[in-house]
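Each remark here refers to the structure printed beneath this line.
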Amino acid sequence: MLVLLQLSNSVYAQDMINIDIKKDSLKNVLALIQSQGKFRFLYSNDDVNSVFVEGIKMKNASITEVLNTIFQKTSLTYQIGSDNIIYIKKVKQEIVVKKEKHKIVGRVTDFSKQPLPGTTVIVKGTKNGVAADLNGNFELSVDNPTNVILQFSFIGMKKKEIAYKGQEMLMVLLEDEALEMHELVVNGVVTRRSESFTGSAIMIKGDELKRVSNQNIFQSLKNLDPSVFVMENFVMGSDPNTLPNLSMRGGTSFDESLGDDNLKGNYQNKPNQPLFILDGFEASAEKVFDLDMNIIESLTILKDASAKALYGSRAANGVVVIETKRLSSNKPRISYTGSLDLTMPDLSSYDLCNALEKLDVEFRENVYYNETWPTGSDNYYVLRKKVLEGLDTYWLSKPVRLGTGQKHSVNIDLGKDDLRTSLNISDYNNQGVMKGSGRNTLSGSFNILYLFKKFRFQNNLSFTNNNASDSPYGSFSRFTTINPYLNPYDDYGNLLPLLTGNIPNPLNDGTVGTSLTSKYFELTNNFQTEYEISSGLKVRARFSVTKKNNSADRYYPTTHSKFASYSTADIQRKGQYEVNYGNSDKISGDIYANYSKTINDKHNFFITAGSNIAESKYREEIHYTEGFPSTNMNDIMFAMQYNQLKIRPSGTSGFNREVGFLGMLSYTYMDRFLFDGTYRINASSMFGNVNRWATFWSLGIGWNIHKEKFIENILWIKQLKIRGSLGSTGNQNFLNNKSLTVYKYYSTDRYTNLIGSYAANMENEDLKWEQKMDYDIGIDADFLGFNVKMDIYKTITQNMVTSVSTAPSTGFTDVSANLGKVENKGIELFLAYTLFHNNNGFFRVNGSYINSKNTILEISEAMRSYNNKQLAIINDRSSQTVIGSNTKPIILYYDGLPMNTIWAVPSYGIDPMTGIELLKGADGQATYIWKASDMVPSGISVPKWRGILGFNGEYKGFGISIACTYLGGGQLYNQTLVDKIENIAVTNNFDRRVLTDRWSNVGQMAQYKRNTGNTPYDMNTGLYLFSVVSSWHQEPTRATQRFVQNQNEFNLSSVSVYCDFKRKWITSLGMERLKFTAYMNDVVKFSTIGIERGTTYPFARTISFSLTATF
């Protein structure tokens, strides 16, 4: 048949057709063809009447070529039959039944039930896909719903495949890579994929912060990342108004006082404190401390030069970048979080004598009998009778309480599409465990986002109103020294103003109207706009204004115990009022252009360039007054005069202007080889005219080994990256008038009725920027469920700014100068293992280890002069008062030693025959005489290693998280043993170890020396004395190695359990989410050192119950 057709075609080809049709009916065209050959056409008029042919011109064409051309755009076809008859007919129309496509509907969220807008949803093996909307919802159509596998991908989340089985609503939970390795690095200027980033950075999601604590960011950080070292405050304990002291990768700056301790504005950063960036702008530690944790989207810690160099002159101590939640909701939504806190004082570190034990010690030490008071023993028996009848006052419990606090946070999202708004209000009332202490913070923000074509406008107006109060009962240490056999109440239960022996009753101070309050109000407006010039090219400009006012009032009425020792001549001076007034203004802005370009799918470039400018100024003044006629006259206007000791008001002020330029280049080759370069130049008014400008830079390289062909087929290796960086950054955390001449006035002296002035600070126009050089090598790995991150680092800091002594001939006591060089090096290791992770839940264990070492490489002669001055002060024996004020170790700086070296005199222990400590002199000989020149390095007051161990998991909505911290390798000087056993007056209460471990008899082997008092040796010369009357009163214990103890600790730091209720039944209540969480922080501590923790304010444990609901 095929042969016949070919033959037939060959026959037809012998008759060539020529036609040239512009436009004509099909009938006429067929007639024209028929006239040129032996063909006849057979057709129905109904089929061809309405058909026209146009635009056909053919020459010497076969009949088949002509007919094919004519009929190709019509609904007709032809068939050549026998006898050259050509049949024309319509194409037979098949009835096609359109099959309706099947719709797959679902929602994509993370494990916190937050939507993931923009998630890519695609049918596996096809190009059929959609993107989830702003609420995470998606709708996808398929021809056949059977055997459909959907693939989900979202930046920052692990890719996921789900087999569709006909669900009406497919709920998809994507695993947040933050639980293992984050895919994003947010540095406050740009957002980068961590896979292509060469720096050392850790990103922590807001939900992770709240998993371990709901108190504040610092409480969470110490349980998540040990590289940010939140130091335990043994003095202020759990005081709700004391900001924590923290550092990153070791201290590098000499810690000088930033001013009067009574300053309450917190306008100056501590020398080793990292830089905090909140939504792109610098924020104070106080701002971060009072920040509502419910509005935090993420927190990123930038550690090495490649990560932090973009902040140049402020980044030497590391950078913590905090981003608040984005405006992602496309429909009205209300979220509420409320919590109830129970704070309990932890007095377990105190072990004081009870009333009977204390009386027995006093009797043994002849407190109640001597030659001048032979009948004193009668008092002893009277007191002993009362004690045996039940008098035993536990003074530690008197000023403390069960603190109750509550927090309420409401967030309202409104708007949709191009215009979205968010309103947040938070109120946190934190009651401290000392009566009358607390901190109340009311904060809020109004955020608005407007999208217009290629423009993006956003404005965030926020405020913080804080009211703080310190306990009117004063320092907790006062209650640790009062004897338990003293009763604070009379026989009728009334509080006594004076205890037996005319001792002021500290409980009275809390009832007479003592008031210690402070407050601040801060208003911030951040505006930013972004314009997409073209694909890959964006420009963003930001502007921020912050205004802060603070005040403080401290009123001590005339009946306060601090005036009990005032003489009759000073009676009119009783009563004091101290008041603070402060304010600050900050204006800052920046503009950055970002350009990204991919060439040949291999070369990826990301370029950022821009500039920033800022101005800040602050001022705070303190007025000290005294002399109030009555306790009811508690206003400063009733004061009679300025405090005679303070004489005049005091305060502080500062002003700084800064400008900077930034350039960043990132390059990747096929996502395998990585390069990051940063260059910043800064100028600041804080430095001398000669060194106003400084440059900072970084270079980073990386290699994604898992992208190589020889390893990419090893499926169990998900990530293996090696990276390294080096660069320079700076530090400005010191008083900003260091380089200037500061003048003060002789306000009390006159010459011809004119006052004079003098320069209090010597100008140093050569003062340079403090700079740190960072070197870092790291590895990031993800394999077989393990996540590993390791860094080996070394930093060298030079040009540290501090005050040094000058020659008297200059007319100045000191001048600010650049001194020395300090090295920090160490290793950081983070390890996590995921046992399982599926739709029902997950379980993960994690651990971290940090080992660090600090060494002073070089100090100047000026710093050696400082050391000599310190030695002279502590070696002063001019009086017992002077000696008693120098019982703590001093800080000295020497080449080759850590900055935190503990200096003490070597000790042989307590001489069994005399009860006096035998010390080792510089010549190696035993001596009773303590000399500063005999001190040697005896320990390091910071731990050499520390880390975190923990686990967290969830199953069907029920979850648990436990975090433990550990540290060791360092030492502490146990001041408790010194103050409460050896240097304590026998008339005060003391540590129970006095009963068992203190020397009392000749020949006794004891840990602690005899009671202070007369000794058979002259403590100036060490010579034996035959006359007790002429003996030298025993010195208080000074810094010796007996009290330097190894510090090793393990703490159960955080426990939390939660229930995230299932969506099925809460939707009937009109809610999207309902979650209940219970927390407990600082659960238990195991330590090798028995030391009193929280001497001025006690430590506390907190239990918190939190409820979160989203409507």
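Within the bounds of segment 997-1010, is there any residue that is surrounded by 21 or more Cβ atoms within 10 Å (Cβ to Cβ) and under 19 Å from LYS888 (Cβ atoms)? Yes; the residues of segment 997-1010 include at least one that is surrounded by 21 or more Cβ atoms within 10 Å (Cβ to Cβ) and under 19 Å from LYS888 (Cβ atoms).
Does PHE696 satisfy being exposed (fewer than 12 other Cβ atoms within 10 Å of the Cβ) and at pLDDT 70 or above? Full working, then the answer.
Details: exposed (fewer than 12 other Cβ atoms within 10 Å of the Cβ): no; at pLDDT 70 or above: yes.
Criteria not met by PHE696.
When segment 310-333 is limited to residues that are modelled with pLDDT of 90 or more and either in contact with a Lys or Arg (Cβ under 7 Å, 6 or more places away or on another chain) or part of a strand (DSSP E or B) (or both), the one that is farthest from ASN216 (Cα to Cα) turns out to be LEU310. May I ask you to verify whether SER666 is polar (S, T, N, Q), in a strand (DSSP E or B) and modelled with pLDDT under 90? Here the answer is no, as SER666 does not meet what is asked. Here the condition is being touching a residue at least 12 places away in the same chain (Cβ under 8 Å) and touching an Asp or Glu at 6+ places or on another chain (Cβ under 9 Å); of ILE916, ILE940, ILE962, ILE948, it holds for ILE948 alone.
This table checks each residue for (1) in a strand (DSSP E or B); (2) at pLDDT below 95; (3) within 22 Å of the chain's Cα centre (by Cα).
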| residue | (1), (2), (3) |
| --- | --- |
| LEU414 | yes, yes, no |
| SER422 | yes, yes, no |
| THR441 | yes, no, yes |
| ASN447 | yes, yes, no |
| LEU451 | yes, yes, no |
| ARG478 | no, yes, no |
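Give just the number: which of (1) under 30 Å from THR976 (Cα atoms); (2) buried (at least 19 other Cβ atoms within 10 Å of the Cβ); (3) not hydroxyl-bearing (Ser, Thr, Tyr) does LEU499 not satisfy? All conditions are met except number (2). Pick from segment 2-18 the residues that are among the aliphatic types (A, V, I, L, M) and part of a helix (DSSP H, G or I): which of them is modelled with the highest pLDDT? Across segment 2-18, the extreme among qualifying residues is VAL11. All but one of (1) touching a Ser or Thr at 6+ places or on another chain (Cβ under 9 Å); (2) modelled with pLDDT of 80 or more hold for MET800, so report the exception by its number. Unmet condition: (2).
Restricting attention to segment 921-955, the residues being more than 30 Å from GLY251 (Cβ to Cβ) and more than 36 Å from the chain's Cα centre (by Cα) number 8. Residues that are of a type in the set (S, T, N, Q), in a helix (DSSP H, G or I) and more than 17 Å from ASN245 (Cα to Cα) within segment 201-229 are absent altogether. State all residues of segment 1054-1073 that are under 30 Å from ILE948 (Cα atoms) and among the aliphatic types (A, V, I, L, M); if no residue qualifies, say none. Within segment 1054-1073, VAL1055, VAL1057 qualify.
Filtered by the rule that a residue be closer than 25 Å to TYR368 by Cα, within 45 Å of the chain's Cα centre (by Cα) and not aliphatic (A, V, I, L, M), segment 956-995 gives ASP979, LYS980, GLU982, ASN983, ASN988, ASN989, PHE990, ASP991, ARG992, ARG993. When segment 530-545 is limited to residues that are touching a residue at least 60 places away in the same chain (Cβ under 8 Å) and buried (at least 17 other Cβ atoms within 10 Å of the Cβ), the one that is farthest from VAL190 (Cα to Cα) turns out to be SER544. Scanning segment 59-73 for residues that are in contact with a helix residue (DSSP H, G or I) (Cβ under 6 Å, 6 or more places away or on another chain) and farther than 16 Å from ILE85 by Cα yields a count of 0. Here THR198 passes the criteria (1) within 30 Å of SER475 (Cα to Cα); (2) in a loop (DSSP other than H, G, I, E, B); (3) at pLDDT 85 or above except the one numbered (1).
Looking only at segment 1003-1043, which residues are modelled with pLDDT of 85 or more and part of a loop (DSSP other than H, G, I, E, B)? GLY1003, GLN1004, MET1005, ALA1006, GLN1007, LYS1009, THR1037, ARG1038, ALA1039 - these are the residues of segment 1003-1043 that are modelled with pLDDT of 85 or more and part of a loop (DSSP other than H, G, I, E, B).
Within segment 941-973, being crowded, with 21+ Cβ neighbours inside 10 Å and of a type in the set (S, T, N, Q) holds for SER961, THR965, GLN971. For residues in segment 502-529 being within 18 Å of TYR555 (Cα to Cα) and among the aliphatic types (A, V, I, L, M), which is surrounded by the most Cβ atoms within 10 Å (Cβ to Cβ)? Out of the qualifying residues, it is LEU507.
Taking segment 141-167, which residues are buried (at least 17 other Cβ atoms within 10 Å of the Cβ), part of a loop (DSSP other than H, G, I, E, B) and of a type in the set (Lys, Arg)? Selection gives LYS158 alone.
Looking across segment 899-952, the residues that are assigned to a helix (DSSP H, G or I) and within 19 Å of PHE1043 (Cβ to Cβ) come down to ALA932, ASP934.
Only residues that are closer than 30 Å to VAL212 by Cβ and either β-branched (Val, Ile, Thr) or at pLDDT 85 or above (or both) were counted in segment 837-883, giving 17.
On the given criteria, is LEU720 in contact with a His (Cβ under 8 Å, 6 or more places away or on another chain) and either surrounded by fewer than 21 Cβ atoms within 10 Å (Cβ to Cβ) or at pLDDT 85 or above (or both)? Yes.
The values are calculated or read from the model by the stated rules, or taken from the named source; none is laboratory data. Quantities reported herein were computed from a predicted structural model and do not represent experimental measurements. Glycine gets a Cβ as well: all are built from the backbone with ideal geometry, and neighbour counts include every protein chain shown.
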